[in-house]
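S.K.: Below is one structure. I have some questions about it.
The numbers here are math on the coordinates, done by the rules we state, and not lab data. Model, not experiment: these values are computed from the prediction. In this analysis, Cβ positions are derived from the backbone assuming ideal geometry, glycine residues included, and neighbour counts consider all displayed protein chains.
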Amino acid sequence: MRRGRVFILLALILLLGAAGVFIVLRGLGGGGQPAPEDITPTPIGEAEIVIAAQHISRGSIIPQEAVIVSPYPADYLVETMMTDPGLVIGRRARMDIGRGVPITQNMITERAGDLLGTGSDASLAIPPGMTAISMPMSRLSGVAYALRDGDQVDVLVSLLLVDVDLEFQSDLPSESLFLFDPNGNLLTAFTCRQVTLEEGTLACSSGETAAPIGHVVTDDETGQQLFAGPIGEPRPRLVTQRLISNATVLHVGEFPLPGEEAAPVAAVATPEPAAGAQPAGGEVAPPAILPPNLVTLIVSPQEALALNWALKARLDLVLTLRGPNDPTVSDETDSVTLQYLVENFDIAVPLKLPYSSEPRIEAAPVQFPLVETTPAPEQ
C-alpha cells in the first residue's frame, strides 16, 4: 500500500512540474504562435495626384473630364506633381499629355504665349557652353564621306594673301596720277612716269610719255641699274593652318523636318538607271542613296565665330578625321607656306639650266578634280 502511494505522489509532482514549465514558457513568448494582430503589416502611406484621364493635345484648354485624382505611393511623390485638380482644370497644356500620365507643373501654363515645345533631340547632345554650326562638305573636304555622328574632327583653313594699299584696300601696286593747278604747276608727288639716264644713273622725271609703274633696281651680278615694273597681276601667297581642333560631329547631312523621314545617306551615290530601263525581274528599284553635302559640328562659341567668318569669306575648308579619345588634341601646329615646305621637307629649288624638256610643262598633272560640279536637275 505504501509503495502505491509513493507512485501516486511522484505522478502528481511530474504533472505539476510540467504545468509550471508550460506556464513559464508561455509567459516568455516561447513555444506559442503569435496572435493574428501581431503579424498584420503596417499600411504604406498614400497620396493623391492628378493624372490625365484622356489624351490632352498641346495648346488645348484642359476640361474637368480630362483629369482624375488617383492614389499614388507617398514615397514616390515628386514635388512637381499636381495634387489639386483645381490648379489643372482650365489651364493650357504645354505639350501632348498621354492618357494615364501624371500631370506636373511644367506640363501646364496659364498663358497661351507660353506654349513652347520640348526642343530638338539634337540640342540634348550639345554640352553646356558649346554650340553647333553647320558647314558645307564634299567628298574631298569630308574625308571621302567617312564621317559619322560622334566622330572627332579638325577643321583646316587655306587662304590666299595679297598686298593691298593701306588706305584704298586695293591690290598693289596702286595707280599714280598727276594733279596740276590751273597755272600748270605740279601739286602732287609722283612715281616713275618717265625714266632718264643722268650721268650714268637712272632717274625718274615727269613728262608726257608715261612709263610703267615700277622702281629702280640694281642687278646683283653686273651692278647695272634697271627699271623694274610688274608683268600681269600680283601673285597671292597661299597659307594653310588648323582653324578648329577636336570638334565633335553632331550630324552628317541634313536633319529631317518634323514628319519627314530621314533621307538615306551613304558614302557613294547609287547610279540612276538609264532612261526607259526597267529593273530586272520586274523588281522595284531602291531609292537613290544621296551623298551628304553638309556636316554639323559641336564647337565653342569663339570657334563658331571663326568658322562663320571663314564661310562668309569663302575660304577653303577641309575636315580631317581623328581617332576616338586622341590624347594629342592640344598639340600646336605651324602654318604651312611655300617657304615652310621648302625648308622643312627638303624640297630642292630647281636650278636655271640652258636646256629643258619637251613638251613644255605648264602645270603639275591633277589626278582628281579640285572643284566638284553638281549636274543641274532635269526639268
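S.K.: Mind giving me the nanometre distance, one decimal, between the label points for Val239 and Ser57, set 7 Å out from Cα along Cα→Cβ?
M.R.: Distance between label points: 6.0 nm.
S.K.: Spin-label point model (7 Å from Cα, Cβ direction): what's the Gln169 to Asp346 distance in nm?
M.R.: 4.6
S.K.: Label point 7 Å out from Asn308 along Cα-to-Cβ: which residues of the stretch 125-140 have amide N under 11 Å?
M.R.: Residues 132-134 fall inside that zone.
S.K.: Quick one: order Ser356, Ser134 by neighbouring beta-carbon count within 10 Å, fewest to most.
M.R.: Starting with the residue having the fewest Cβ neighbours, the order is Ser356, Ser134.
S.K.: Place a +1 charge on the Cβ of each Lys and Arg in the stretch 46-114 and a -1 charge on the Cβ of each Asp and Glu, then give the dipole magnitude about the Cα centre in debye, rounded to the nearest 20.
M.R.: On the way: 6 positive and 9 negative charges, 83 e Å.
That gives a dipole near 400 debye.
S.K.: Can you tell me how much longer the chain between Ser356 and Thr131 gets when fully stretched, taken as 0.36 nm per residue apart minus their C-alpha distance, in nm with one decimal?
M.R.: 75.4 nm
S.K.: Report, by chain and number, residues whose modeled amide H sits under 5 Å from the one on Arg237, excluding near sequence neighbours (fewer than 5 apart, same chain).
M.R.: Excluding prolines and chain starts, which carry no amide H, the hits are Leu161, Val162.
S.K.: If you filter the stretch 62-145 for trypsin sites (Lys or Arg not before Pro), then keep DSSP loop positions with at most 11 other Cβ within 10 Å, what is left?
M.R.: Arg99, Arg111
S.K.: Applying a 10 Å radius around every beta-carbon, put 292-304, 338-350 in order of their mean neighbour count, most first.
M.R.: In decreasing order of mean packing, 292-304, 338-350 become 292-304, 338-350.
S.K.: Taking only Cα atoms of the stretch 46-114, what ratio of Rg to Rh do you get with Rh as the Kirkwood inverse-distance radius?
M.R.: 0.95
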